[in-house]
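The values are calculated or read from the model by the stated rules, or taken from the named source; none is laboratory data. Owing to the predicted nature of the structure, the values given are computational and were not obtained by experimental measurement. Neighbour counts are summed over all protein chains in view; Cβ atoms, including those assigned to glycine, are modelled from backbone coordinates with ideal geometry. The accessibility values were calculated without ligands, DNA or RNA, using every heavy atom of the protein model including side chains. Shrake-Rupley method; radii C 1.70, N 1.55, O 1.52, S 1.80 Å.
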Amino acid sequence: ACPVTKLEAYSQATGEARYADDIPQQKDELCAAYVYSRYAAGVISGIDASAALKMTGVVDFISAKDVTDIGCVNECGGFPGDEEIFASKQVFCAGQAVGLIVADSLAHAQAAAKEVVVHLTPLPAHPLLTVDDAIAANSFLENAGYDSGHVDELKQGDCDKGFAAAAHVVSGVVRSGAQEHFYMETMASVAVPEEDGRWTVHSS
């Protein structure tokens, strides 16, 4: 079989593709950088952004409280209740977003984000690194309180009866290192306010 070239290949390989980071900075544009958890599991007792807010170019620090204070739900899209935009009480993985620093440049935002102090009590981490580990711990998305649709069964007729009557039954396990979906690029977006309260969003 011959490989099939994807539609975006030529523009991406030649540098003609325009990404969010390729859009020139506009007048009065602000940039944001996430503040991440450095622990895999822990309970948040407080966040101190005072040192970061004094740094050059820093405009604001945004956390879960700011999201709920404006009447929004601090929740990412996807599965309902699956993940918060910003961790409010507990972190569940290293690198989980705890807040966002807003500054006059990306460099200033990234530098200040490193200075935000997250007061956190680490919890013992029990990583599930293999499918067998997850099965043994009965760790399935369905057990978290929502129907994920990740368990697929294809059946036609009475399978149990068919197996019982079959001359030969072959069983086994198939393992794949591939994931259903995983981002391969850094996510970024540029949001431009327009008139009448509208926004134009350029998203990667």
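Kindly evaluate V67 against the criterion of being hydrophobic (A, V, I, L, M, F, W, C) and modelled with pLDDT of 90 or more.
Details: hydrophobic (A, V, I, L, M, F, W, C): yes; modelled with pLDDT of 90 or more: yes.
For V67, the condition - hydrophobic (A, V, I, L, M, F, W, C) and modelled with pLDDT of 90 or more - is met.
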Problem - Yes/no for G157 being surrounded by 10 or more Cβ atoms within 10 Å (Cβ to Cβ) and either at pLDDT 75 or above or of a type outside the set (S, T, N, Q) (or both) - result: no
Problem - Checking C72 against (1) more than 19 Å from the chain's Cα centre (by Cα); (2) loosely packed, with under 13 Cβ neighbours inside 10 Å, the condition it does not meet - result: (1)
Problem - Evaluation of A52 against (1) farther than 30 Å from D21 by Cβ; (2) in contact (Cβ under 8 Å) with a residue 40 or more places away in the chain; (3) surrounded by 12 or more Cβ atoms within 10 Å (Cβ to Cβ) (one fails), failing number - result: (1)
Exercise for the section: Would you please list the contacts, defined by Cβ atoms under 7 Å and residues six or more apart or on different chains, that run from a residue in the stretch 121-136 that is within 23 Å of V43 (Cβ to Cβ) to a residue that is among the hydrophobic types (A, V, I, L, M, F, W, C) and assigned to a helix (DSSP H, G or I)? Expected result: L128/A134
Practice task
Search the stretch 2-38 for residues being among the hydroxyl-bearing types (S, T, Y) and at pLDDT 90 or above, and hand back the single one that is least open to solvent (accessible area, probe 1.4 Å).
Solution key: S37
Exercise for the section: For residues that are within 18 Å of Q96 (Cβ to Cβ) and in contact (Cβ under 8 Å) with a residue 24 or more places away in the chain, scanning just the stretch 55-69, find the one that is most open to solvent (accessible area, probe 1.4 Å). Expected result: I62
